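Notes for the one structure printed next.
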Amino acid sequence: MATKFKVKKGDEVVVIAGKEKGKKGKITKVITDTSRVVVKGLNMVKKHTKPSRTGAGGLVEMEAPLHVSNVALIDPKSGNATRVGYKIKEDGTKLRIAKKSGEVV
């Protein structure tokens with residue numbers, strides 16, 4: 001069974017550890033089996049590609065995945081890193097909330 005994360009595709013996150021520490025970006029892909037996320041514009045690596053029918057070969061810059069523990073959700077109120085909590089409304093719907101401000105994410 002796949003692991004459940006508290007961050008989703010499209011969330012604004014800040015990197016809290018590693019060479020990209022302090023940088024902000026949006027999650028473009030979540031890889032559940034290896035517990036990693038790809039953040040747009042962060043953790044850039046160069047990849048050597050062979051020529052193919054779809055494109056020429058050469059060096060291609062792409063985003064490498066970061067471990068999910070190295071990113072934190074950005075609080076919509078303050079703009080700082082926050083943890084994610086859950087709140088269940090009266091009608092039974094589950095909401096994600098920022099722990100620092102209590103705002104709905």
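The values are calculated or read from the model by the stated rules, or taken from the named source; none is laboratory data. In this text, all values refer to a predicted model and were calculated from it rather than measured experimentally. Every residue, glycine among them, receives a Cβ derived from its backbone with ideal geometry; neighbour counts consider all protein chains shown.
In table form, for the structure just shown:
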quantity	calculated
Some residue of the range 3-21 being small (G, A, S), loosely packed, with under 12 Cβ neighbours inside 10 Å, touching a Ser or Thr at 6+ places or on another chain (Cβ under 9 Å) and more than 24 Å from G85 (Cβ to Cβ)	no
Number of positions in the range 56-87 that are more than 22 Å from G10 (Cβ to Cβ) and surrounded by fewer than 10 Cβ atoms within 10 Å (Cβ to Cβ)	3
Top-ranked residue of the range 88-104 - restricted to ones that are in contact with an Asp or Glu (Cβ under 8 Å, 6 or more places away or on another chain) and among the aliphatic types (A, V, I, L, M), ranked as surrounded by the most Cβ atoms within 10 Å (Cβ to Cβ)	A98
Close pairs from the range 52-71: first modelled with pLDDT under 90, partner not in a loop (DSSP other than H, G, I, E, B), Cβ under 7 Å, at least 6 apart	G57/T49
Among (1) out of contact with any helix residue (DSSP H, G or I) (no Cβ under 8 Å at 6 or more places or on another chain); (2) among the hydroxyl-bearing types (S, T, Y); (3) under 23 Å from R96 (Cα atoms), the one test that S52 misses	(3)
Of all residues making up the range 1-56, the number that are under 11 Å from V71 (Cα atoms), touching a Pro at 6+ places or on another chain (Cβ under 8 Å) and among the basic types (K, R)	1
Residue ranges of strands (runs of 3 or more DSSP E) in the range 1-96 with at least 1 members of a type in the set (F, W, Y)	84-88
Checklist (1) over 21 Å from T3 (Cα atoms); (2) in contact with a strand residue (DSSP E or B) (Cβ under 6 Å, 6 or more places away or on another chain) applied to T82, failing item	(1)
